[in-house]
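The values are calculated or read from the model by the stated rules, or taken from the named source; none is laboratory data. Just so you know, these numbers come straight off a predicted model, no measurement behind them. Quick reminder, even Gly has a Cβ in these numbers, built from the backbone with ideal geometry, and neighbours come from all protein chains shown. Just so you know, the surface numbers come from the protein's heavy atoms only, side chains and all, with ligands and any DNA or RNA stripped out. Shrake-Rupley method; radii C 1.70, N 1.55, O 1.52, S 1.80 Å.
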Amino acid sequence: PRTVITYGTYDLFHVGHVRLFERLAALGDRLIVACSTDEFNAGKGKVTAVPFADRVEMLRSCRFVDEVIAEENWAQKRTDIVAHDVDLFAMGDDWAGKFDDLRDLCDVIYLPRTQNISTTELKALIQQM
Ligand code: C2G
């Protein structure tokens, strides 16, 4: 089966993430989503509102997602691609060009982000309520 993989934090899971998964699910038979752990995010200086276990639970509830794995470090992508026999690596285009080095292992594409929504914007909105 044509396998697609994507990586992210998915804090405050929102429609931008859903629309990415929906498009990715249409590009293959299986979609694997790698969700960053709280420890990995701490290393990026990223504080998430939603704990890892809850972010994973929300991802698993999404009908476009077939499997969720943990993203624990920057370097695991190559290993993941080989271990899961991945045909396509995809990210939103804020990452355009950043993972082209994976092209020896699988196809690499970057899809347009969904406009007018982001975890950062949601956090700002909530603070104003
Ligand atoms: N995204 C999107 N549209 C939005 C917001 C996000 O398409 N409005 C996409 C991003 O481009 C990314 C994915 O959703 O591909 C997850 O976004 P984040 O949770 O912000 O993930 P990020 O912090 O970019 O972590 O190793 C890669 C990292 O784990 C990516």
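Might you tell me the accessible area per residue for the chain, computed with a 1.4 Å probe and given in Å²?
On the way: 7110 Å² over 129 residues.
So the chain comes to 55 Å² accessible per residue, rounded to a whole number.
How much of the accessible area of the chain, in percent, comes from carbon and sulfur atoms when a 1.4 Å probe is used?
Ligands and nucleic acids excluded, carbon and sulfur give 53 percent.
Which value, to two decimals, describes the C-alpha radius of gyration of the chain once divided by 2.2 N^0.38 Å? Present the calculation step by step, with values, prior to reporting the outcome.
Details: Rg = 14.3 Å, N = 129, 2.2 N^0.38 = 13.9 Å.
Expressed relative to 2.2 N^0.38 Å, the Cα Rg reads 1.03.
May I ask for the net charge around ASP38, where only other residues with Cβ less than 13 Å from the Cβ of ASP38 are counted and Lys, Arg are +1 while Asp, Glu are -1? Mind showing how you got there, number by number?
Values: positive: LYS44, LYS46, ARG55; negative: ASP11, GLU39, ASP54, GLU71, GLU72.
Net local charge, ASP38 excluded: -2.
On a C-alpha basis, how far is the centre of the range 52-92 from the centre of the range 1-49 in Å? Whole number, if you could?
Cα centroid of the range 52-92 versus Cα centroid of the range 1-49: 6 Å apart.
Once you put a point 7 Å from the Cα of LEU27 and another 7 Å from the Cα of LEU102, both along the Cβ direction, what distance in nm separates them?
1.0
Which value in deg cm²/dmol, rounded to the nearest 500, describes the helix-derived mean residue ellipticity at 222 nm for the chain, given -39,500 (n - 2.57) per DSSP H run of n ≥ 4 and division by the residue count?
Values: 5 runs with 43 residues, N = 129.
Taking each H run of at least 4 residues, the total per residue is -9000 deg cm²/dmol.
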